[in-house]
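Student: Please read through the structure below; I'll follow up with questions.
The values are calculated or read from the model by the stated rules, or taken from the named source; none is laboratory data. All values derive from a computational prediction rather than experimental measurement. As a convention, Cβ positions derive from the backbone with ideal geometry for all residues, glycine included, and neighbour counts pool all protein chains shown. Accessible surface areas use protein heavy atoms only, side chains included; no ligands, DNA or RNA. Shrake-Rupley method; radii C 1.70, N 1.55, O 1.52, S 1.80 Å.
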Amino acid sequence: MKKLTFFFIVIFIAALCLSCNSTNNSTKPAASVPEPLPEPSNLDYGLSRTENLDFIFNTGTLGKTTIVIKRSEWNRLCDDYRYFYKNENCVHAESYVYEKDGRAWTLENVGFRLRGNTSRVCPQGVDNGREQGQKSYTWNPDYFHYAERPNDDYRQSHFKVDFEEFLTDDEEQKMAGCLKGIALKRMDNSCTREIFCYDLFRKNGIWTAPRASHTRLLLNIIEDETDNSVTAVNFGVYEMFEEVNKQSLKERDSENYAASNAWKNNKGNLWKGHTDLTLASLDQIGVEDIKIFYEGETPGGKNVVQKEDGSGRIGYVFDSYNLDLKTNKDKLDAAAKELTGFIKDLNSLPDAADENDVHAIEQIKAFYEKWFDMDFFLKTYAINILCGMDDDYWGNKNNYYLYFDTGKNGSGKVYFIPFDYDNTLGNSIFEGGFEHNPMDWGRGADRPLMDKLLQVPEYKQKFKEYLLEVASNEYWSYERCSQLFRSWGDMCKPYLFSPDLDCSYLGVNHFNTDQIWCNRGYSLVNEYNNLYDATRESFEKWLGEE
């Protein structure tokens, strides 16, 4: 029945392409003609989880994503933002379609929402600058009616598609047998940074890093409030990336993944981190709950704000934690006990007076050897610094996951998973890796996870070696990297500029091979001032002085 329903939607859209209503309607924005959709399918094409993911996220070719959604649901998405911009409520989309290299996947009745932290924006209509989302701001219901009067000011926002949002608890809907959802991120002005960094991790053997690739994004909006015609909106080129969740844990366990240090158990506790892991962070452990309540629902949670806006919204809850449990949410107490023990043990480690303080060094080393594959962790962090990522644990106490491979048959290890690499490659919060000592990445801030390990001479030396290694190997060379950026530019450039978008709001994405994309005058593509040589030379200078 689902496939039949979607088939009629496809036929309906195709018919509209041939005979659209040319009447001037002020409630309907001018937009692109809908592109034909493939036959509904959700095959795994006989591939394994890893093979499917490698195919879907192949960085060498451009995918195409189409979301089919009713105007009433799209309006609710925009109005929910204006009511409480941080909300994680999904609206209903008729279908999600992804096409790549002659293959296609279609999933029906999916959840669709906005995502992002400081970069979240309203995708159409008046954006109130998130002020209405602040709990202390004066309530004004007049903000929440603009999306009912569509106009042509569509703009890129970050989106998330949840394939199982509207299924019952005992139902499953996975794309290609390996994805329960997908994240769509509007591109930075180089259209490449995060994709490049995740690819760099994986090229260097850091298999914990998510996959990411480019995709076109098209929305087919069914005008169900008027005549059921279809408005096609071209959102340009996006980054799509693999979320860090239970499905990514499954693909990377020793049963499915060939890495010798793959985790043994995919049922461990996964935490998303926005904290320094000091003892103060013990008050920041929980399960995030950020949503809007509607009439007929019972508000619950710690931080509930109750108010009405005249259209069924009765309030919202904003329970946010700097250590947010992403798996085993029904077993928070047990997961929190494990994490608390880890943090307490970390912060109780002694400080080594110097490299001859054998007793203290042995205690520190015993902690890290218990919890980490140290070569893997040190190499992960070396690549993190190579990318110039200082919106990270060490720099900004941000953007990382911790996975505890514990429980039945687990290895007992903790894995540090890198995440969110748009502030990199010279566009970092501070000045980037080419101007700062990589052995003092935290600028003296209290970051025990890195501070303690560097008191162990063996780890400190190994870390220096990894920094020099990743800065000089084939994956960080002007020849390879500049060509990679140029090839992505050739691939994406025809689709970057959409006449359907208000590009002035966020700036126009571009691939200009003469553009110097990095702060302080370094380039991703020009040889005479390229970022790769500058970073390597900086590492050699700093580490030679250590």
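Student: Test E297 against the criterion of being of a type in the set (D, E, K, R), touching a Ser or Thr at 6+ places or on another chain (Cβ under 7 Å) and open to solvent by 10 Å² or more (accessible area, probe 1.4 Å), and give yes or no. Spell out the reasoning first.
Tutor: Working: of a type in the set (D, E, K, R): yes; touching a Ser or Thr at 6+ places or on another chain (Cβ under 7 Å): no; open to solvent by 10 Å² or more (accessible area, probe 1.4 Å): yes.
No, not satisfied.
Student: If V358 passes every condition in (1) β-branched (V, I, T); (2) in contact (Cβ under 8 Å) with a residue 24 or more places away in the chain; (3) farther than 27 Å from R82 by Cβ but one, which one does it miss?
Tutor: Single failed check for V358: (2).
Student: Within segment 35-70, how many residues turn out to be more than 19 Å from N256 (Cα to Cα), at pLDDT 95 or above and of a type in the set (D, E, K, R)?
Tutor: So the answer is 2.
Student: Yes or no: Q247 within 25 Å of I195 (Cβ to Cβ) and in contact with a strand residue (DSSP E or B) (Cβ under 9 Å, 6 or more places away or on another chain)? Quick ask: steps written out before the conclusion?
Tutor: Values: within 25 Å of I195 (Cβ to Cβ): yes; in contact with a strand residue (DSSP E or B) (Cβ under 9 Å, 6 or more places away or on another chain): yes.
So Q247 fits the description; yes.
Student: For segment 431-440, check the following and say yes or no: at least one residue is surrounded by fewer than 17 Cβ atoms within 10 Å (Cβ to Cβ) and free of Cβ contacts under 8 Å to residues at least 60 places away in the same chain.
Tutor: yes
Student: Next question. Give G426, G407 a once-over and let me know the one that is more than 17 Å from the chain's Cα centre (by Cα) and open to solvent by 10 Å² or more (accessible area, probe 1.4 Å).
Tutor: G407
Student: Considering only segment 175-197, how many residues are closer than 22 Å to L114 by Cβ and either buried (at least 23 other Cβ atoms within 10 Å of the Cβ) or among the hydrophobic types (A, V, I, L, M, F, W, C) (or both)?
Tutor: 11
Student: Only residues that are over 15 Å from Y381 (Cα atoms) and open to solvent by 60 Å² or more (accessible area, probe 1.4 Å): list them for segment 462-474, please. Please lay out each step first, then the result.
Tutor: Keep residues of segment 462-474 that are over 15 Å from Y381 (Cα atoms), which gives 472-474.
Result: S472, E474.
Student: For K203, indicate whether it is touching a residue at least 12 places away in the same chain (Cβ under 8 Å) and more than 26 Å from S487 (Cα to Cα).
Tutor: No; evaluated as a whole, the condition is false for this residue.
Student: So in segment 62-95, with the set limited to residues that are among the aromatic types (F, W, Y) and in contact with a Cys (Cβ under 8 Å, 6 or more places away or on another chain), which one is least open to solvent (accessible area, probe 1.4 Å)?
Tutor: Among residues in segment 62-95 that are among the aromatic types (F, W, Y) and in contact with a Cys (Cβ under 8 Å, 6 or more places away or on another chain), the one least open to solvent (accessible area, probe 1.4 Å) is Y81.
Student: If you don't mind, another one. Identify the residue in segment 175-196 that is in a loop (DSSP other than H, G, I, E, B) and out of contact with any strand residue (DSSP E or B) (no Cβ under 8 Å at 6 or more places or on another chain) and, among all such residues, is nearest to G63 (Cα to Cα). Walk me through it before giving the result.
Tutor: Taking segment 175-196 first, the residues in a loop (DSSP other than H, G, I, E, B) are 176-178, 180, 187-192.
Still in the running and out of contact with any strand residue (DSSP E or B) (no Cβ under 8 Å at 6 or more places or on another chain): 177-178, 188-190, 192.
Working: G177: 18, C178: 17, D188: 18, N189: 19, S190: 18, T192: 15 Å.
Taking the candidates together, the pick is T192.
Student: Further question on the same structure: Within segment 340-378, which residues are open to solvent by less than 40 Å² (accessible area, probe 1.4 Å) and under 30 Å from the mean Cα position of the chain (by Cα)?
Tutor: First, pick out the residues of segment 340-378 that are open to solvent by less than 40 Å² (accessible area, probe 1.4 Å): 340-343, 346, 349-350, 352, 360-361, 364, 367-368, 371-372, 374, 376-378.
Of everything in segment 340-378, those that are open to solvent by less than 40 Å² (accessible area, probe 1.4 Å) and under 30 Å from the mean Cα position of the chain (by Cα) turn out to be T340, G341, F342, I343, L346, Y368, W371, F372, M374, F376, F377, L378.
Student: Inside segment 230-251, can you point out the residues that are touching a helix residue (DSSP H, G or I) at 6+ places or on another chain (Cβ under 6 Å) and either open to solvent by 20 Å² or more (accessible area, probe 1.4 Å) or over 27 Å from L325 (Cα atoms) (or both)?
Tutor: V230, G236, V237
Student: Okay, moving on. Would you check if T192 is of a type in the set (S, T, Y), modelled with pLDDT under 95 and under 19 Å from V68 (Cα atoms)?
Tutor: no
Student: Within segment 96-113, how many residues turn out to be open to solvent by less than 10 Å² (accessible area, probe 1.4 Å) and closer than 21 Å to V237 by Cβ?
Tutor: Result for segment 96-113: 6.
Student: Looking only at segment 205-230, count every residue that is touching a Lys or Arg at 6+ places or on another chain (Cβ under 6 Å), farther than 19 Å from K100 by Cα and part of a strand (DSSP E or B) and tell me the total.
Tutor: Adding up the residues that qualify gives 2.
Student: Restricting the search to segment 45-61, which residues are farther than 19 Å from G236 by Cβ, touching a Lys or Arg at 6+ places or on another chain (Cβ under 8 Å) and surrounded by fewer than 17 Cβ atoms within 10 Å (Cβ to Cβ)?
Tutor: Hits for segment 45-61 are Y45, D54, F55, N58.
Student: Something else about it: Going by the conditions given, is Y505 surrounded by fewer than 20 Cβ atoms within 10 Å (Cβ to Cβ) and modelled with pLDDT under 65?
Tutor: yes
Student: Out of curiosity, is S254 open to solvent by less than 10 Å² (accessible area, probe 1.4 Å) and either of a type outside the set (F, W, Y) or under 29 Å from A93 (Cβ atoms) (or both)?
Tutor: No: the conditions fail for S254.
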